[in-house]
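A quick write-up on the structure given underneath.
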Amino acid sequence: MSMMEGMSRASSIARTKRAIGCTLVTVVALGAGIPIGIFVIGPHVAQSVLNGATIALPNLTQAACPENYTWLFNHAKINVPSIGPIRLSSTLEAYTQEVWTTSCDKDGMITPGAECGNNATEHKLGFYPSPTMTLSAGDNYKNFTVAMNSNMSLIAGAWVAPLGFLQEKTRLILKAHDITVKVMGIQFKGLTMRNDMTCTFQNATTGDIPASVCQTQYAFNSTPFITAVCESGVHPIAVTTTQPPSTTSKAATIFT
């Protein structure tokens, strides 16, 4: 073998080693980048999707136990934004749903948010275990029934009275902490959610509440059931007339 041939062969071997080295570096970089993308960027994307999701309740029916619990029939419309052209299904694992509204204190009395003006503040009505839900980009319709641990005095003064008796609109605010979302088998934990709705009275009737809902020995018969329609978003609720609100509504006749 001539000297020139030996030098050419050595140069070829060196180039091959460099190519192999570059390939290994690329593979290692990709291997490191995938978990970084999933576990660092992924939670931010998941939180962004939750922030952009909206909830409406075309039908929310409730009946209150004498104390501690409220029976809720949720007919929910959940809109989930897509991520560009990507439309993956995701699982919203079971979590604790907090339910809030607005009200204020006037002369020691709970006053509905519609009558509070700038003094309205958020108050917690209660909480309940929200079931696991599979959601896709776009509109999702979910129906479920829960028993909510409740602040009964606040529900009566800030929710039932304005909706059922006074025919006023109310705020409904859903808050949640430490949510877990699963996408393609990967869990993203520690997420939060807030959704604001504006609710309007629809109708009222009477029915029976099972003892299991109120966690009592006996069922409660002929209990008032109120149905409201809650649209997504913060819309005006302030009372716009100087006339006293009418209490001759259909709901009022049921509650009296």
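The values are calculated or read from the model by the stated rules, or taken from the named source; none is laboratory data. No experiment lies behind these values; they were computed from the predicted model shown. Glycine gets a Cβ as well: all are built from the backbone with ideal geometry, and neighbour counts include every protein chain shown.
When the residues of the stretch 133-152 are filtered to those that are modelled with pLDDT of 95 or more and of a type in the set (G, A, S), which remaining residue is surrounded by the fewest Cβ atoms within 10 Å (Cβ to Cβ)?
By that ranking, first place goes to A147.
So that you can scan it fast, the table gives a plain yes or no per residue for (1) among the aliphatic types (A, V, I, L, M); (2) within 30 Å of A46 (Cβ to Cβ); (3) modelled with pLDDT under 95:
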position: D178; (1), (2), (3): no, yes, yes
position: A211; (1), (2), (3): yes, no, no
position: Y218; (1), (2), (3): no, no, yes
position: E231; (1), (2), (3): no, yes, no
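Condition check: modelled with pLDDT under 95, acidic (D, E) and within 14 Å of the chain's Cα centre (by Cα). Does D107 satisfy that?
No; evaluated as a whole, the condition is false for this residue.
Looking at the stretch 172-193, is at least one residue surrounded by 18 or more Cβ atoms within 10 Å (Cβ to Cβ) and among the polar types (S, T, N, Q)?
No, because not a single residue in the stretch 172-193 is surrounded by 18 or more Cβ atoms within 10 Å (Cβ to Cβ) and among the polar types (S, T, N, Q).
Can you pull out the residues in the stretch 41-71 that are closer than 25 Å to G138 by Cβ, touching a strand residue (DSSP E or B) at 6+ places or on another chain (Cβ under 9 Å) and among the aliphatic types (A, V, I, L, M)?
Those that are closer than 25 Å to G138 by Cβ, touching a strand residue (DSSP E or B) at 6+ places or on another chain (Cβ under 9 Å) and among the aliphatic types (A, V, I, L, M): V45, A46, V49, L50, A53, I55, A56, L57, L60.
Residues are listed down the side, and each one gets a yes or a no for (1) in the same structural domain as A219 (by TED's automatic domain parsing); (2) surrounded by fewer than 16 Cβ atoms within 10 Å (Cβ to Cβ); (3) basic (K, R); (4) not in a strand (DSSP E or B):
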| site | (1), (2), (3), (4) |
| --- | --- |
| Q62 | yes, no, no, no |
| P66 | yes, yes, no, yes |
| L72 | yes, no, no, no |
| A76 | yes, no, no, no |
| T111 | yes, no, no, no |
| A114 | yes, no, no, yes |
| H123 | yes, no, no, no |
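Kindly provide the set of residues from the stretch 216-226 that are closer than 27 Å to P162 by Cα and in contact (Cβ under 8 Å) with a residue 60 or more places away in the chain, ordered by number.
The answer is F220, T223, P224, F225, I226.
Do we find that S130 is closer than 19 Å to N143 by Cβ, surrounded by 19 or more Cβ atoms within 10 Å (Cβ to Cβ), assigned by TED's automatic domain parsing to the domain that holds N143 and touching a Leu at 6+ places or on another chain (Cβ under 9 Å) in this structure?
So S130 passes the test.
Here's the yes/no breakdown for (1) small (G, A, S); (2) outside the structural domain of N203 (by TED's automatic domain parsing); (3) touching a Pro at 6+ places or on another chain (Cβ under 8 Å):
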{"site": "S82", "(1), (2), (3)": "yes, no, no"}
{"site": "G126", "(1), (2), (3)": "yes, no, no"}
{"site": "D139", "(1), (2), (3)": "no, no, no"}
{"site": "A158", "(1), (2), (3)": "yes, no, yes"}
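Restricting to the stretch 204-243, give me the number of residues that are exposed (fewer than 13 other Cβ atoms within 10 Å of the Cβ) and either of a type in the set (F, W, Y) or under 18 Å from A76 (Cα atoms) (or both).
Result for the stretch 204-243: 3.
Hey, K250 hits all of (1) at pLDDT 95 or above; (2) over 24 Å from N118 (Cβ atoms); (3) surrounded by fewer than 18 Cβ atoms within 10 Å (Cβ to Cβ) but one; which does it fall short on?
(1)
Does T101 meet the test of being at pLDDT 95 or above, surrounded by fewer than 20 Cβ atoms within 10 Å (Cβ to Cβ) and within 30 Å of G164 (Cα to Cα)?
no
When the stretch 78-109 is examined, which residues are found to be touching a residue at least 40 places away in the same chain (Cβ under 8 Å) and in a loop (DSSP other than H, G, I, E, B)?
Residues satisfying the conditions are P81, S82, R87, L88, S89, E93.
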